[in-house]
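The values are calculated or read from the model by the stated rules, or taken from the named source; none is laboratory data. Here the structure is a predicted model, which is why all the values come from computation and not from measurement. We place every Cβ from the backbone using ideal geometry, glycine too, and count neighbours over all the protein chains shown. Quick note on the areas: whole protein, heavy atoms, side chains included, nothing else; ligands and nucleic acids left out. Shrake-Rupley method; radii C 1.70, N 1.55, O 1.52, S 1.80 Å.
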Amino acid sequence: GAASGGGMVLREPAGVPSPSSAAGGTAAATAEVRLSRFRWAVLLLFSSYSLCNAFQWIQYGSINNVFVRFYDVSAFAIDWLSMSYMLTYIPLLFPVAWLLDKRGLRLIALAGSALNAVGAWVKLGSLKPHLFPVTVLGQVICALAQVFILGMPSRIASVWFGSHEVSTACSIAVFGNQLGIAVGFLVPPVLIPNVEDVEKLAYHISIMFFMTAGVASALFILVIIVFKEKPPNPPSQAQALLRSRPTAEYSYVQSILRLLRNANFLLLMVTYGLNVGCFYALSTLLNRMVIHHYPGEEVNAGRIGLTIVLSGMVGALISGIWLDRTKTYKQTTLVVYIMSLVGMIVYTFTLSLGHLWVVFVTAGVLGFFMTGYLPLGFEFAAELTYPESEGTSSGLLNVSAQIFGIAFTIGQGQIMDYFGTRAGNLFLCSFLFLGTIMTAFIKADLRRQQANLENEQT
């Protein structure tokens, strides 16, 4: 490659047939592969509004006991504010994934950031104890926004980034969502102290809601101004091949059917759902677990959640860089899965020891692997399913995660109520063990890497 104004440039030799020639001409053979400097702005903006949406997911759960008292509802009702994100995603995945394929990244980005802002403003109408239904409405609108956000990291990475940086880019995109969860654990316990006076409580809640609405609105405006559909040139040979394919050749329904016939992808879909579903349940119920063993430690409960997510973000970034350098998708995924199980077992048996610093350490180790697994799943799926749309494959992974997330949150919550926190956590450990066994049976059929290698040889 040679240096140029837009980044690295690779020119394919003219007249050399490409694998796509028979299917749609020689466009890919003469395509100029160029990295756009603008790709980082697109990635940063997506990460930012994904952060804001993830913050709104966990802002109730991180101070569950405070909102239970303010709205005078059950802890299970507050848990449902978190689970509404999971429930909303399941029926809407396919229409949104279809839109992503037919209308592209920009429309999906606009819809996601707009709904995120609208939901944040609706919540400002719920600052009285009897207005719990209004806060539910606001949360459901934010949950709709999440449907337009969760499937995008691997798609943005593939459309905008080169083959040597695609896994890192996907990790950074997921990184934003995780940072939002981290902020959601850290900020609400600080902004909203557990005071007795309901009027004072309403005032503190209003500060959080106003700040969130302001940030969400600013990000929506930035998406309108900054977010672009795709770079002028394909960033990789795999993308050049996809661009050369006639649009009539692509069928969304056929794409889903091919994915559901892909045995390796189906195994990954279940194992991803088990791992991420455990993370969702753990995040939603963390406040209840910590307060049970350490009464009055709402702020530290939030900090433990922050520790889980921050260490997971480091794990995600390291995973992305490691994958770009080694391409060892199967081995890395299996090791991280095993360590997630080990981390969960250690966390389970140290939570009740009476030493908060021990909980911080074990939660950090658990988060490093369990949260670090998220971008691994997306990237492994993109490899196993190329040339299918990354939006569809990652969407199916997310549906699996939401279904297991709801089941695990309800199941663990009920077990905790009747048998205690240790039994609830052992419930999650058993499913992580099952996921580890299933991951070992996934074959490393790296189709995207093969496409890049074949075109480079050509």
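Pulled fully out, how much extra length does the chain show between residue 94 and residue 342, if you take 0.36 nm times their separation in residues and subtract their Cα-Cα distance? Kindly include the intermediate steps, with their values, before the conclusion.
Details: separation 248, 0.36 × 248 = 89.28 nm, distance 3.46 nm.
Working it through step by step, the gained length comes to 85.8 nm.
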inquiry  = If I model a spin label as a point 7 Å beyond the Cα along the Cα-Cβ vector, how far apart are those points for residue 357 and residue 203 in nm?
reply    = 3.7
key: 10 Å Cβ shell holding at most 15 others, DSSP loop, chymotrypsin sites (Phe, Trp or Tyr not before Pro): longest site-free stretch of the chain   = 39-249
task = Please report Rg over Rh for the chain, where both radii come from the alpha carbon positions and Rh follows the Kirkwood definition.
result = 0.99
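Counting Lys and Arg as +1 and Asp and Glu as -1, what is the net charge of the other residues whose Cβ lies under 13 Å from the Cβ of residue 110? Write out the running numbers ahead of the final one.
Numbers: positive: 103, 106, 228; negative: 229.
Net charge around residue 110: +2.
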note = Per principal axis, largest first, the Cα atoms of the stretch 36-236 extend in Å by 59, 31, 26
Within the chain, helix-based [θ] at 222 nm, where runs of 4 or more DSSP H residues each add -39,500 (n - 2.57), nearest 500 = -25500 deg cm²/dmol
key: Separation between Cα centres of the stretch 337-399 and the stretch 257-332, rounded to whole Å   = 3
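Around residue 78, under 15 Å between beta carbons, what's the net of Lys plus Arg minus Asp minus Glu among the other residues? Please report the intermediate quantities before stating the final value.
Numbers: positive: 69, 123, 288; negative: 72, 79, 298, 417.
Neighbour charge sum, excluding residue 78 itself: -1.
Longer than 19 Å from Cα to Cα, which of 102/327; 102/230; 230/330; 123/228; 230/327 are they? Say none if no pair is. Before the final figure, lay out the partial values.
Values: 102/327 30 Å; 102/230 14 Å; 230/330 30 Å; 123/228 30 Å; 230/327 25 Å.
Correct reply: 102/327; 230/330; 123/228; 230/327.
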inquiry  = In whole Hz and in residue order, list the ³J(HN,Hα) couplings for the stretch 293-302 that follow from phi through the Karplus curve 6.51 cos²θ - 1.76 cosθ + 1.60, θ = phi - 60°; x for Gly and Pro.
reply    = 8, 10, x, x, 9, 4, 5, 5, 4, x
query = Which three extents, in whole angstrom, do the alpha-carbon atoms of the stretch 250-443 cover along their principal axes, largest first?
reply = 56, 35, 26
query = Which trypsin sites (Lys or Arg not before Pro) from the stretch 233-321 combine a DSSP loop assignment with at most 14 other Cβ atoms within 10 Å?
reply = 261
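Where the accessible area of the chain is counted over protein heavy atoms with a 1.4 Å probe, how much of it, in %, is carbon and sulfur?
Numbers: 12030 of 17140 Å².
Solvent-exposed carbon and sulfur of the chain make up 70 percent of the total.
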task = Express the relative contact order of the chain as a whole percentage, based on alpha carbon pairs under 8 Å and six or more residues apart in sequence.
result = 23
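Subtracting the Cα-Cα distance from 0.36 nm times the residue separation, let me have the gained length for residue 226 to residue 191 in nm, one decimal. Don't jump to the answer; show the numbers that get you there.
Working: separation 35, 0.36 × 35 = 12.60 nm, distance 3.15 nm.
Taking 0.36 nm per residue and subtracting the Cα distance, the gain is 9.5 nm.
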key: Calculated from backbone phi, Karplus (6.51, -1.76, 1.60) coupling profile of the stretch 346-357 in Hz, x at Gly/Pro   = 5, 4, 4, 8, 10, 4, 9, 6, x, 10, 4, 4
request  = Report Rg(Cα)/(2.2 N^0.38 Å) for the stretch 319-374, keeping two decimals.
outcome  = 1.31
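Counting only heavy atoms of the protein chains, get the accessible area per residue of the chain (1.4 Å probe) and round it to a whole Å² value. Write out the running numbers ahead of the final one.
Details: 17140 Å² over 458 residues.
Spelled out: the 1.4 Å probe surface of the chain, per residue, equals 37 Å².
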key: Built amide H within the under 5 Å cut-off of residue 372, gap 5+   = 316
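So if each residue of separation counts as 0.36 nm, and I subtract the Cα-Cα distance between residue 44 and residue 325, what length gain in nm does that give? Walk me through the numbers on the way to the answer.
On the way: separation 281, 0.36 × 281 = 101.16 nm, distance 2.24 nm.
Gain on stretching residue 44 to residue 325: 98.9 nm.
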message = Report the Cα centroid-to-centroid distance between the stretch 223-240 and the stretch 48-119 in angstrom, as an integer.
response = 27
